[in-house]
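Everything on this sheet refers to the single structure shown next.
The values are calculated or read from the model by the stated rules, or taken from the named source; none is laboratory data. All values reported here derive from a predicted model rather than from experimental measurement. Neighbour counts run over all protein chains shown; Cβ positions are idealised from the backbone, glycine included. The protein model used for the area step is the full one, side chains on, heavy atoms only, and it has no ligands, DNA or RNA in it. Shrake-Rupley method; radii C 1.70, N 1.55, O 1.52, S 1.80 Å.
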Amino acid sequence: MRALPDFATYRAHSWAEAAAALAAQPDARALAGGTDLLPNLRKGLRVSPLLVELAGIEGFDAIEQGPDGTLLLGAGVTLAKLASDARVSSAAPALAQAANSVAATAHRTAGTLGGNLCQDTRCVFYNQGDWWRAANGNCLKYQGTLCHVAPQGERCHAAFCSDVAPVLLVMQAAVEVLSSRGAAWRPVDTLWCDDGAAHLGLAHDELVGRVRIPPLPQGTRCAFAKARARGGIDFPLAAVAVAASPGNVRVAVSGAGSAPVVVTGALSPQEAAKQVARAVTPMRTSAAPANYRRQVASALTERLLHELGEGTSDG
């Protein structure tokens with residue numbers, strides 16, 4: 001891995017300033033914790049002349065809770081803070097667990113909620129040094145014309161590997177999207193597109209400002225689990241969250257495709273597992289075989305639902 005390339009930084013003090021800086025420079029990138037962006041820059045991936053720092057924006061790392069239990073989380077809340085905050089642990093324990101499962105302690109101390117949601121997709125043919133990529137003709141995701149995962153296809157299959165995204169999906173969270181055109185709340189599932197090369201549903205000058213998590217309906221319980229090659233640091237081979245209530249199950253899976261997959265319905269644990277196995281489309285983007293990752297996603301789904309009382313408990 002080479003040294004960081006030269007770039008300028010601009011410290012924004014408001015969302016309007018940040019959005020304006022991004023709009024003025026097409027190659028500018030937003031910078032929060034940097035745990036995803038900076039290693040990619042050192043690998044020569046999407047090198048930018050300008051990084052727009054967000055940490056100076058008021059409320060960027062705020063955690064608030066409304067009278068009805070709704071959580072409002074600033075995009076700059078660190079994963080370590082998410083994992084340890086008593087309000088999050090009480091209202092959304094699965095989210096705290098997911099945040100605590102990300103990488104290692106140093107990464108969680110710097111990495112942010114917004115960064116985890118907006119992280120780049122990953123692939124064994126993309127996340128390499130620039131000399132390695134060049135020797136292989138680069139790839140469809142960056143500076144190349146061929147997807148080495150699916151050479152006959154016309155799209156990139158790099159995987160989206162957020163740990164916290166599945167929990168926010170099953171809890172039906174919303175994200176506040178800010179730009180020079182104003183602010184709007186959107187369902188969290190609008191953040192992602194099923195294309196590894198263009199996986200974010202955000203314009204260049206749009207930023208995630210806050211995440212809103214409504215309280216779980218009475219009788220609904222939520223759980224999270226993650227499979228990875230090494231327990232202490234790796235991205236998920238599959239990250240699964242489930243929300244179960246009498247007569248309904250909601251499952252979300254990350255790490256097994258270019259966008260998270262959601263399965264819902266009045267499903268038994270076995271039926272939900274089968275639905276997940278059919279819905280996820282892992283490809284050869286990691287060291288683990290695609291079919292193994294599909295089976296892992298399915299098995300974690302069934303296990304979590306059994307642990308929650310097969311989706312029928314009112315606890």
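For the reader, a short list of remarks on this structure follows.
- Sorted largest first by accessible area at a 1.4 angstrom probe radius, with every protein chain in place, the residues HIS148, HIS107 fall in the order HIS107, HIS148.
- The spacing between the stretch 22-74 and the stretch 166-208, judged by their C-alpha centroids, is 13 Å.
- Its Cα centre serving as origin, the chain has a Cβ charge dipole (Lys and Arg +1, Asp and Glu -1) of approximately 840 debye.
- Simple spin-label estimate for ALA23 and GLN143 in nanometres, 7 Å along Cα-Cβ: 3.2 nm
- Where TRP131, TRP15 fall by accessible area, highest first, once all protein chains stay in place (1.4 Å): TRP131, TRP15
- Alpha-carbon Rg with Dmax, taken over the stretch 3-51, Å: 10.8, 32
- Listed residues VAL263, VAL164, VAL175, most fluctuating in the chain (Gaussian network, C-alpha, under 10 Å): VAL263
- The stretch between SER268 and ASN248 holds 6.3 nm of extra length on full extension. This uses 0.36 nm per residue minus the Cα-Cα distance.
- Distance-filtered residues of the stretch 22-54 - backbone nitrogen under 18 Å, label point 7 angstrom along HIS13 Cα→Cβ: 22, 52-54
- A straight chain from ALA287 to TRP131 at 0.36 nm per residue would run longer than the Cα-Cα distance by 54.1 nm.
- Computed over the chain with a Gaussian network model linking Cα atoms closer than 10 Å, the most mobile of PRO214, PRO260, PRO49 is PRO49.
- Cross-link pairs beyond the 29 Å C-alpha cut-off, checked among LYS141/LYS226; LYS43/LYS274; LYS226/LYS274: LYS43/LYS274
- Within the accessible surface of the stretch 165-214, defined with a 1.4 Å probe on protein heavy atoms only, the carbon and sulfur portion equals 50 percent.
- Isotropic mean projected area of the C-alpha convex hull, the stretch 1-140 (nm²): 9.8 nm²
- Ellipticity at 222 nm from helices only: DSSP H runs of n ≥ 4 in the chain, each -39500 (n - 2.57), divided by the residue count, give -7500 deg cm²/dmol.
- Overall form of the stretch 190-305 per C-alpha gyration tensor (a/c, 1.5; a/b vs b/c): oblate
- Put a dot 7 Å past the Cα of HIS204, heading toward its Cβ, do the same for ALA184, and the two dots end up 2.0 nm apart.
- Candidates ARG212, ARG133, ARG294: whichever shows maximal mean-square fluctuation once the chain is modelled as a Gaussian network with Cα springs under 10 Å: ARG133
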